[in-house]
Protein chains: 4
Amino acid sequence: MNVTVWNENRHEQKNAVVSTIYPEGIHGALASFLKQDHSYVQTATLDDAENGLTDEVLKRTDVLVWWGHLAHDEVADEVVEKVKQRVYEGMGLIVLHSAHFSKIFKALMGTSCDLKWRIADEKERLWVIDPSHPIAEGIGEYIELEREEMYGEHFDIPTPDELVFVSWFEGGEVFRSGATFKRGKGKIFYFRPGHETYPTYHNKMIQKVIRNAVNWAGTPNVNTPVYGKGNNNRKN
Amino acid sequence: MNVTVWNENRHEQKNAVVSTIYPEGIHGALASFLKQDHSYVQTATLDDAENGLTDEVLKRTDVLVWWGHLAHDEVADEVVEKVKQRVYEGMGLIVLHSAHFSKIFKALMGTSCDLKWRIADEKERLWVIDPSHPIAEGIGEYIELEREEMYGEHFDIPTPDELVFVSWFEGGEVFRSGATFKRGKGKIFYFRPGHETYPTYHNKMIQKVIRNAVNWAGTPNVNTPVYGKGNNNRKN
Amino acid sequence: MNVTVWNENRHEQKNAVVSTIYPEGIHGALASFLKQDHSYVQTATLDDAENGLTDEVLKRTDVLVWWGHLAHDEVADEVVEKVKQRVYEGMGLIVLHSAHFSKIFKALMGTSCDLKWRIADEKERLWVIDPSHPIAEGIGEYIELEREEMYGEHFDIPTPDELVFVSWFEGGEVFRSGATFKRGKGKIFYFRPGHETYPTYHNKMIQKVIRNAVNWAGTPNVNTPVYGKGNNNRKN
Amino acid sequence: MNVTVWNENRHEQKNAVVSTIYPEGIHGALASFLKQDHSYVQTATLDDAENGLTDEVLKRTDVLVWWGHLAHDEVADEVVEKVKQRVYEGMGLIVLHSAHFSKIFKALMGTSCDLKWRIADEKERLWVIDPSHPIAEGIGEYIELEREEMYGEHFDIPTPDELVFVSWFEGGEVFRSGATFKRGKGKIFYFRPGHETYPTYHNKMIQKVIRNAVNWAGTPNVNTPVYGKGNNNRKN
């Protein structure tokens with residue numbers, strides 16, 4: 001399986017807290033643990049040519065992992081359109097944390113994807129709601145993160161196809177923090193945790209979920225629906 | 001309830017078959033039977049200023065009914081964006097027949113909305129799959145249309161929130177022909193029948209479904225979710 | 001609309017805390033506020049003849065509200081079977097709190113309906129997950145209860161048709177606390193709060209949810225599916 | 001993976017048409033092609049001791065395939081209860097054709113599972129509705145069966161978690177003929193075709209679906225939810 005990790009990579013340039021936690025960038029950290037499972041893991045960032053997502057890169061990508069926050073608007077519309085088409089063709093997409101507001105996620109959901117948030121060093125518990133889902137394999141009852149940003153309901157997404165995790169936050173909120181969607185032939189997983197100033201992607205259980213999700217989203221599929229004008233003469 | 005019926009209104013100008021079936025236009029026919037239930041039913045067409053959907057019109061519309069086919073691309077992007085925002089605010093949207101390929105439906109679904117089709121004067125039966133759904137009220141087991149265009153699976157939409165009708169076609173295909181979706185606070189119903197060269201919208205049972213759908217989609221809702229930055233100091 | 005409130009009515013006989021909070025019984029408290037909306041609200045309890053649910057009572061009931069805890073096994077199997085058949089025919093059913101383990105709810109869900117629990121005077125917040133759902137009408141963002149029993153995930157139910165509320169608990173758990181299901185032509189709403197030693201059913205917002213739910217579940221439906229052997233000679 | 005094929009095995013004893021099509025019984029035919037994928041495929045029938053489903057057999061079964069028709073009532077209630085518990089623990093269950101009316105399927109669905117039927121040598125087409133589902137892998141657009149029994153909507157089941165196939169019948173009906181459900185930790189797939197007087201289970205595409213379904217349902221899962229009384233002292 002070919003995996004591409006896309007990262008905006010801006011916080012890392014500006015904020016020493018972030019670059020200390022993620023010296024290779026958030027993309028570097030994500031790629032590092034995904035290499036345990038897959039031989040071909042590459043990274044791409046916003047400031048690369050064509051945002052790092054050339055036709056060639058997209059064509060060979062089975063699963064794309066996406067992290068963005070500050071600069072969603074700087075992602076080129078043509079790139080977003082190409083990513084969307086690849087999802088329709090069957091490419092998996094893992095959308096992380098603040099990428100809920102990325103152009104690609106909003107285009108695939110058809111909603112505002114808005115939510116409530118607060119940065120107050122709060123404890124988060126991600127409870128497993130669907131214990132037989134492959135993305136929750138090996139997680140146990142919940143994952144606890146000592147400090148994270150809070151995301152709260154209402155999260156303005158379509159009803160998920162499957163709800164895998166719901167988060168509890170110390171300050172009193174809940175959030176549908178792990179949810180799957182199909183669009184065209186592509187499988188999408190949104191996963192909440194990962195604020196840039198916390199070492200969330202170094203947590204082994206968070207890594208396990210992302211690894212599970214990549215495996216789930218990258219399952220090949222060989223059916224090819226036929227669209228358009230049918231045979232006028234065909235009558236059963 | 002304020003209902004606005006939007007129609008592309010192009011076939012009616014070009015094709016005598018269509019203008020004979022619908023002398024007041026497809027919008028006129030739809031508005032005519034919706035007036036049985038609602039005092040305020042207006043129409044709007046593509047060639048009106050701002051495609052007939054000014055801020056004022058949209059603001060006072062509780063449910064928008066949409067028919068389009070030949071000229072989806074001529075609908076202004078700004079108008080589509082405004083309609084989308086109104087759906088998010090709670091406006092109902094009834095999407096008819098070939099409007100599966102309208103900009104607004106594709107934007108709200110996040111998929112290609114592609115399908116298979118054939119025009120061969122085929123019998124269609126729309127079977128009720130969800131007999132307790134208010135949109136199916138009074139329909140019985142199925143609606144039969146002597147001649148319609150065929151739409152066949154695979155229909156490339158997200159998994160519907162509710163599947164109300166599935167069509168059977170004489171030539172051998174099936175189609176999810178009545179399906180509901182929520183986007184933001186708005187309710188959406190896609191309903192398949194209505195090829196312009198057949199008198200489908202004069203069928204009383206088809207009218208009943210559309211009337212039921214308008215009532216369903218226009219149900220007011222008073223909750224207002226709060227989005228954005230929460231109170232930093234709030235701890236339960 | 002005819003509403004019947006069924007209550008096990010055992011805690012009230014044994015525990016002065018409960019009978020002080022609910023001097024007319026939990027059924028009395030529920031019936032009292034439902035009478036604001038409906039002319040015909042009756043009560044039935046476990047120790048009534050036929051558990052209070054005779055053929056005549058069930059036949060005229062549009063929505064049945066159910067509270068039970070200690071004595072699920074004492075409800076007669078024949079009564080459970082009759083209630084199930086009435087749900088299939090279209091009677092609404094509102095299942096409250098510890099009735100998650102009632103015979104009728106387990107029979108309709110097809111799962112164990114197990115969950116995690118703790119009684120520790122904890123704060124609960126019920127967040128609205130589906131702000132456009134009629135059961136959430138008028139609720140705002142969430143309902144807060146100062147003290148309640150905790151119910152925690154995993155809650156072993158089928159994927160709900162609609163998820164309306166998710167609860168947050170002070171001690172660190174979450175729970176899908178408001179969920180809808182269709183079975184046959186009947187609509188079912190499970191609603192979590194209501195431990196007998198807390199005055200939960202005196203809370204106006206909790207009452208509002210139950211009133212909304214009764215209205216939602218009692219919507220009449222006139223379609224009658226046809227089952228069994230079809231006409232052998234019918235070919236379209 | 002350990003697969004057990006359960007068959008009522010009564011038509012085979014009474015009807016020469018059936019025993020000619022399936023000389024080893026329907027269970028023999030099903031087991032035969034499942035052995036292509038799995039080393040351990042056994043069969044069990046109604047007239048075996050404990051209906052062939054002893055504790056030992058059930059304990060080692062990862063996926064149970066079920067065919068029944070004439071004698072649903074003769075399956076012992078205790079056996080049904082044990083099968084249900086094994087599904088809750090994670091055993092997969094593939095329910096074929098007339099087993100829609102089996103005790104085990106009705107118990108897991110919580111509905112009547114009723115439908116419309118006709119035996120008239122009709123052509124059936126099973127259209128793929130979810131082309132990215134693993135159960136549809138390798139199937140193409142649809143499967144065509146020259147002659148089958150008709151099953152028609154309304155099919156009284158809960159809304160499926162996933163709708164994989166919808167059937168078209170020559171006589172004018174449609175049917176949700178491939179649908180998935182989760183109950184507890186177990187995965188269930190209902191698949192419509194297989195009337196005993198037609199050679200349906202010799203069709204390679206039908207076999208492919210059942211093989212896919214067994215693989216899908218038998219995926220192991222290691223999460224173990226914790227139910228019951230929580231730690232009273234635990235506060236986060």
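The values are calculated or read from the model by the stated rules, or taken from the named source; none is laboratory data. Every value quoted in this text rests on a predicted model; they were computed, and no experiment measured them. Note: ideal-geometry Cβ built from the backbone for every residue, glycine included; neighbour counts use all protein chains shown. Ligands, DNA and RNA are excluded from the accessible area calculation, which covers all protein heavy atoms including side chains. Shrake-Rupley method; radii C 1.70, N 1.55, O 1.52, S 1.80 Å.
Listed by first and then second residue, the pairs with beta-carbon distance under 8 Å, at least 6 apart or on different chains, first residue in the range B:24-43 and more than 9 Å from B:Val3 (Cα to Cα), second surrounded by fewer than 15 Cβ atoms within 10 Å (Cβ to Cβ) and modelled with pLDDT of 95 or more, are B:Ala29/B:His202; B:Ser32/B:Glu24. Go through the range A:138-164 and count every residue that is part of a strand (DSSP E or B), under 19 Å from the mean Cα position of the chain (by Cα) and not aromatic (Phe, Trp, Tyr). Residues in the range A:138-164 being part of a strand (DSSP E or B), under 19 Å from the mean Cα position of the chain (by Cα) and not aromatic (Phe, Trp, Tyr): 9 in total. Residue under question is C:Ala71, and the condition is that it be within 24 Å of C:Lys106 (Cβ to Cβ) and modelled with pLDDT of 95 or more; does it hold? Answer is yes for this residue. Considered as a group, the residues in the range D:7-20 that are in a loop (DSSP other than H, G, I, E, B) and open to solvent by 10 Å² or more (accessible area, probe 1.4 Å) include one that is farthest from D:Ser102 (Cα to Cα), and that residue is D:Asn15. Restricting to the range C:155-169, and then to whatever is β-branched (Val, Ile, Thr) and open to solvent by 10 Å² or more (accessible area, probe 1.4 Å), can you tell me which residue is nearest to the other protein chains (Cβ to nearest Cβ)? Applying the filter and picking the extreme gives C:Thr159. For the range B:87-100, a residue qualifies if it is open to solvent by less than 10 Å² (accessible area, probe 1.4 Å) and of a type in the set (Ser, Thr, Tyr), and exactly one does: B:Ser98. Within the range C:193-206, the residues that satisfy the criterion of being open to solvent by less than 10 Å² (accessible area, probe 1.4 Å) and part of a helix (DSSP H, G or I) are C:Thr200, C:Tyr201, C:Ile206. Inclusion of D:Ile104 among residues that are within 14 Å of chain C (Cβ to nearest Cβ), touching a helix residue (DSSP H, G or I) at 6+ places or on another chain (Cβ under 6 Å), assigned to a helix (DSSP H, G or I) and closer than 24 Å to C:Gly90 by Cα is warranted. Restricting attention to the range B:51-64, the residues that are out of contact with any helix residue (DSSP H, G or I) (no Cβ under 6 Å at 6 or more places or on another chain) and of a type outside the set (Ser, Thr, Tyr) total 8. Give the residues of the range B:198-219 that are touching an Asp or Glu at 6+ places or on another chain (Cβ under 8 Å), β-branched (Val, Ile, Thr) and closer than 22 Å to B:Ser132 by Cα, sorted by residue number. Within the range B:198-219, just B:Val214 meets the criteria. Among what's in the range B:207-218 and is open to solvent by 10 Å² or more (accessible area, probe 1.4 Å) and out of contact with any helix residue (DSSP H, G or I) (no Cβ under 8 Å at 6 or more places or on another chain), pick the residue that is nearest to B:Leu108 (Cα to Cα). Checking each candidate, the answer is B:Gly218.
Taking the criterion of being outside any helix (DSSP H, G or I), open to solvent by less than 20 Å² (accessible area, probe 1.4 Å) and touching a His at 6+ places or on another chain (Cβ under 9 Å), the residues of the range B:21-56 that qualify are B:Tyr22, B:Ala44, B:Thr45. It is to be established whether one or more residues within the range C:115-124 are away from every other protein chain (no Cβ under 13 Å) and assigned to a strand (DSSP E or B). Looking through the range C:115-124, none of the residues is away from every other protein chain (no Cβ under 13 Å) and assigned to a strand (DSSP E or B). Report whether or not D:Tyr190 is assigned to a loop (DSSP other than H, G, I, E, B), open to solvent by less than 10 Å² (accessible area, probe 1.4 Å) and more than 8 Å from every other protein chain (Cβ to nearest Cβ). No, not satisfied. The set of residues in the range C:79-97 that are away from chain D (no Cβ under 12 Å) and touching a residue at least 40 places away in the same chain (Cβ under 8 Å) comprises C:Arg86, C:Gly90, C:Met91, C:Gly92, C:Ile94, C:Val95, C:Leu96, C:His97.
Just a yes or no: is a residue in the range D:207-226 at pLDDT 95 or above, part of a strand (DSSP E or B) and touching a Gly at 6+ places or on another chain (Cβ under 6 Å)? No: the range D:207-226 contains no residue that is at pLDDT 95 or above, part of a strand (DSSP E or B) and touching a Gly at 6+ places or on another chain (Cβ under 6 Å). Of the listed requirements (1) more than 9 Å from chain C (Cβ to nearest Cβ); (2) under 29 Å from B:Trp168 (Cα atoms), D:Ala217 misses just one: (2).
Can you name the residue in the range D:128-149 that is among the acidic types (Asp, Glu) and more than 7 Å from every other protein chain (Cβ to nearest Cβ) and is also surrounded by the most Cβ atoms within 10 Å (Cβ to Cβ) among such residues? It comes out as D:Glu148. When each of B:Gly172, B:Gly152 is tested for being within 10 Å of chain A (Cβ to nearest Cβ), without any contact (Cβ under 8 Å) to a residue 12 or more places away in the chain, in contact with a strand residue (DSSP E or B) (Cβ under 8 Å, 6 or more places away or on another chain) and buried (at least 18 other Cβ atoms within 10 Å of the Cβ), the lone residue that passes is B:Gly172.
One line per residue, one yes/no per condition, for (1) among the aliphatic types (A, V, I, L, M); (2) open to solvent by 70 Å² or more (accessible area, probe 1.4 Å):
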site	(1), (2)
A:Trp67	no, no
A:Ala71	yes, no
A:Ala76	yes, no
A:Gln85	no, yes
A:Met109	yes, no
A:Leu115	yes, no
A:Ala120	yes, no
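Scan the range A:43-51 and tell me whether some residue there is at pLDDT below 95 and over 16 Å from the mean Cα position of the chain (by Cα). Checked against the condition, which is being at pLDDT below 95 and over 16 Å from the mean Cα position of the chain (by Cα), the range A:43-51 yields no hits at all. Exactly one residue among A:Ile135, A:Ile143, A:Ile104 is under 26 Å from C:Phe155 (Cα atoms), in contact with a Lys or Arg (Cβ under 8 Å, 6 or more places away or on another chain) and among the β-branched types (Val, Ile, Thr), and that residue is A:Ile143.
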